[in-house]
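What follows is a single structure, written as C-alpha cells, with notes after it.
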Amino acid sequence: MKKPLALMLAVALSAFSFAATAADNVLVFGGSRATGLEAVKALVAKKDKVSVVVRASSDTTELKKLGVTLVTGDVLQPAEVQKAFASAKFSAVVSALGGKRGEPSPDFEGVKNIADAAKAAGVKRMVIVTAIGVGDSNAMMPEALKKILQPTMIEKGKGEDYLVASGLDYTIIRPGGLKNGPATGKSSLTDDHTAHSDINREDLGKLVADSVADKKTFRKIMHAVDPTLPSAEMK
C-alpha cells in the first residue's frame with residue numbers, strides 16, 4: 001500500500017530538519033576560563049557535543065557543571081594534541097588560547113600544533129580567537145599599547161598566518177578589549193578590518209560558537225564588534 005502523500009512529506013521534512021540541525025562534535029582548546037569558557041557554554045547551549053582539552057593543573061569546576069568531556073593534554077606538546085584529536089571523531093576544533101605571564105606563549109606554537117593535528121585527523125574546520133591589533137589591524141593600536149602588547153601580537157599574527165596557509169576551513173575572530181559584563185546581544189562579526197570596539201566575553205563566546213557551522217565565515221578573518229561598547233583605546 002502506498003503511503004499517503006502527506007505522511008511522506010512529513011517524513012521527508014523531519015529528515016531534512018534533523019540534518020539541518022545535526023549537532024557538531026567540537027574539540028575546544030583554551031576552554032577552561034575567560035572567552036574559551038564562554039564559547040563552551042554557548043556550544044553546549046546549541047546542543048553540540050563538546051570536548052575540552054585541559055592541563056592537569058586547570059580548574060575544571062565550571063566545565064564539570066556543563067557536563068562536557070574533559071581531555072587532559074598540553075597544547076604545546078604535539079603528541080598530546082594528537083592524542084586529544086584521537087579521543088573522538090570531531091567535526092570542528094575551536095581555539096581560544098590565552099597565555100599567562102611567566103608561561104610559554106601558545107599563540108603560535110599552540111595554533112600550529114592544533115592545525116597540524118586537525119589535518120592529520122581529517123578535521124577540516126578550525127576557529128580561533130586572536131585580537132584586533134594582529135596582522136593588518138596592527139596600525140590601529142596606539143603606540144603605548146604596542147610597547148606592551150607587540151610581542152604577543154606578533155606571535156598571534158604568526159598563528160593566523162600558519163592557519164590561513166594550512167588549507168583548513170578556518171575562521172579567525174579578532175576581538176578588541178575584552179569585558180566581563182553581561183551579554184548585550186548587540187555584537188557581530190565583520191570583515192571590515194578597520195572596525196573595532198570592546199566586547200563582553202559572553203557575547204564573544206556566542207559569536208565563536210555560532211561561527212563553527214556558519215559557512216559565511218569560512219576562510220575569513222573577522223573582527224568581533226559591539227556598537228554599544230566603543231573602544232577608548234583605539235580612538
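Points worth noting:
- Verdict on THR217 being modelled with pLDDT of 95 or more, surrounded by fewer than 17 Cβ atoms within 10 Å (Cβ to Cβ) and among the hydroxyl-bearing types (Ser, Thr, Tyr): no
- Test for SER87: is it surrounded by 24 or more Cβ atoms within 10 Å (Cβ to Cβ), of a type in the set (Ser, Thr, Tyr) and either modelled with pLDDT of 95 or more or on the phi < 0 side of the Ramachandran plot (or both): no
- Of all residues in the range 173-187, exactly one satisfies the criterion of being surrounded by fewer than 17 Cβ atoms within 10 Å (Cβ to Cβ) and charged (D, E, K, R), namely LYS186.
- For TYR170, the conditions (1) among the aromatic types (Phe, Trp, Tyr); (2) in contact with a Ser or Thr (Cβ under 8 Å, 6 or more places away or on another chain); (3) crowded, with 21+ Cβ neighbours inside 10 Å all hold with the exception of (2).
- Whichever residue in the range 50-67 is crowded, with 21+ Cβ neighbours inside 10 Å and touching a helix residue (DSSP H, G or I) at 6+ places or on another chain (Cβ under 6 Å) and, among such residues, is nearest to PRO104 (Cα to Cα): VAL53
- The number of residues in the range 193-209 being crowded, with 23+ Cβ neighbours inside 10 Å and either of a type in the set (A, V, I, L, M) or outside any loop (DSSP other than H, G, I, E, B) (or both) comes to 8.
- Enumeration of residues in the range 21-66 that are within 23 Å of ALA224 (Cβ to Cβ), of a type in the set (Val, Ile, Thr) and in contact with a Lys or Arg (Cβ under 9 Å, 6 or more places away or on another chain): VAL26, THR35
- Enumerated helices (runs of 4 or more DSSP H) restricted to the range 1-74, each holding at least 3 residues that are within 24 Å of ASN180 (Cβ to Cβ) and at pLDDT 95 or above: 34-45, 61-66
- LYS124 being among the basic types (Lys, Arg), within 17 Å of the chain's Cα centre (by Cα) and buried (at least 17 other Cβ atoms within 10 Å of the Cβ): no
- Test: THR190 is surrounded by fewer than 21 Cβ atoms within 10 Å (Cβ to Cβ), over 18 Å from the mean Cα position of the chain (by Cα) and in contact (Cβ under 8 Å) with a residue 24 or more places away in the chain: no
- Near pairs, Cβ below 8 angstrom, 6+ apart or cross-chain, from the range 107-125 (more than 30 Å from GLN150 (Cβ to Cβ)) to any residue that is of a type in the set (Val, Ile, Thr): VAL123/VAL93; ARG125/VAL93; ARG125/VAL212
- Counted residues, the range 156-167 - those being out of contact with any Leu (no Cβ under 9 Å at 6 or more places or on another chain) and crowded, with 20+ Cβ neighbours inside 10 Å: 4
- When ALA195, ALA209, ALA213 are checked against the criterion of being of a type in the set (A, V, I, L, M, F, W, C), out of contact with any Cys (no Cβ under 9 Å at 6 or more places or on another chain) and without any contact (Cβ under 8 Å) to a residue 60 or more places away in the chain, ALA195 stands alone in meeting it.
The values are calculated or read from the model by the stated rules, or taken from the named source; none is laboratory data. Here the structure is a predicted model, which is why all the values come from computation and not from measurement. Neighbour counts are summed over all protein chains in view; Cβ atoms, including those assigned to glycine, are modelled from backbone coordinates with ideal geometry.
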